[in-house]
Structures are given as structure tokens and as C-alpha cells.
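The values are calculated or read from the model by the stated rules, or taken from the named source; none is laboratory data. Just so it is clear, the structure is predicted and the values come from calculations on it, not from any experiment. Cβ atoms come from the backbone with ideal geometry, glycine included; neighbour counts cover every protein chain shown. What goes into the accessible areas is simple: the full protein's heavy atoms, side chains included, and nothing from ligands, DNA or RNA. Shrake-Rupley method; radii C 1.70, N 1.55, O 1.52, S 1.80 Å.
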Amino acid sequence: DGRAGVYGHSLRRTQLRQSSLPCTGFRIPHRSRGSQYKFSLVDGDWFYFAGIWRPATRQWPEAYAILTIAANADVEPFQDRQMVVLRREQRMAWLDGTCAEDSLLKPLQPGSFQVHTCEARPQVEFAF
């Protein structure tokens with residue numbers, strides 16, 4: 001495939017490989033109030049974050065990343081970027097490369113997320 005992807009080149013021409021992380025929601029901290037906002041799909045379904053990974057080489061260890069894009073209309077009032085959300089039916093098209101990257105790596109339609117306020121919780125909780 002000679003088409004350029006959203007990164008100016010196709011992932012298929014590099015050592016980068018697509019990956020996905022299943023999720024039911026994500027949180028965004030409020031900048032000043034100590035609370036957080038939880039985002040989940042309006043229909044209650046779970047989804048995937050689109051990611052990439054690179055196998056280890058002699059020079060570098062294995063590496064993983066979750067891709068980000070401009071926030072959709074639901075997330076934008078809270079921050080300007082968000083992780084790429086793939087609906088369940090889009091997952092295999094992302095993983096096996098059967099769809100153009102730019103058709104998958106874009107914000108969901110406005111009204112896709114429901115937003116709930118929740119108390120902030122520590123990023124790390126220790127068992128002792």
C-alpha cells in the first residue's frame with residue numbers, strides 16, 4: 001500500500017505494528033478542583049484504544065504507545081487531545097490494516113460519550 005497514513009507514511013512500511021487496548025471508559029482530571037471526569041460510550045459498550053508497538057532490536061527495547069488525536073466535541077471542553085477510540089467493529093480493521101488509517105484514526109461523532117463527575121483517586125494505590 002503506497003498511501004501515506006496520518007503520520008506521513010504508512011505504518012505498514014515501518015517496524016511499527018498496530019495494537020489495541022480494551023476499555024470501558026477513561027478519566028480526565030479537572031485542572032483545579034481535585035475531581036475527575038469519567039467518559040464512557042453513551043450506548044454502554046466497551047471499546048479499544050488504538051495503539052502501536054515496535055519489537056525489540058539490538059539497539060532498543062520493545063516499545064508501546066497509545067495514539068492520540070484532537071478531542072471530539074464531548075472531550076474538548078476538558079482537554080484538547082484524547083486517545084484514539086475504536087469501536088469494537090473497527091478493531092480488526094485497525095489490527096489487520098484492511099482500512100485506511102485516516103478513516104479509523106479520527107474523533108468519534110459528537111454525543112458519543114457520556115460524562116460523569118467523580119472524585120479524584122490516586123494514580124497508584126499500594127497494597128500495604
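Of note:
- Enumeration of residues in the range 79-105 that are more than 19 Å from Pro22 (Cα to Cα) and among the aliphatic types (A, V, I, L, M): Ala100
- Asp45, sole failed condition from (1) surrounded by 14 or more Cβ atoms within 10 Å (Cβ to Cβ); (2) touching a residue at least 40 places away in the same chain (Cβ under 8 Å); (3) within 14 Å of Leu108 (Cβ to Cβ): (1)
- Top-ranked residue of the range 3-32 - restricted to ones that are charged (D, E, K, R) and at pLDDT 50 or above, ranked as farthest from Gly51 (Cα to Cα): Arg31
- Residue list for the range 92-128, filter: of a type in the set (A, V, I, L, M), touching a Gly at 6+ places or on another chain (Cβ under 9 Å) and either at pLDDT below 90 or farther than 21 Å from Phe26 by Cβ (or both): Ala100, Ala120
- Identity of the residue in the range 60-76, more than 17 Å from Leu41 (Cα to Cα) and out of contact with any strand residue (DSSP E or B) (no Cβ under 6 Å at 6 or more places or on another chain), that ends up least open to solvent (accessible area, probe 1.4 Å): Ile69
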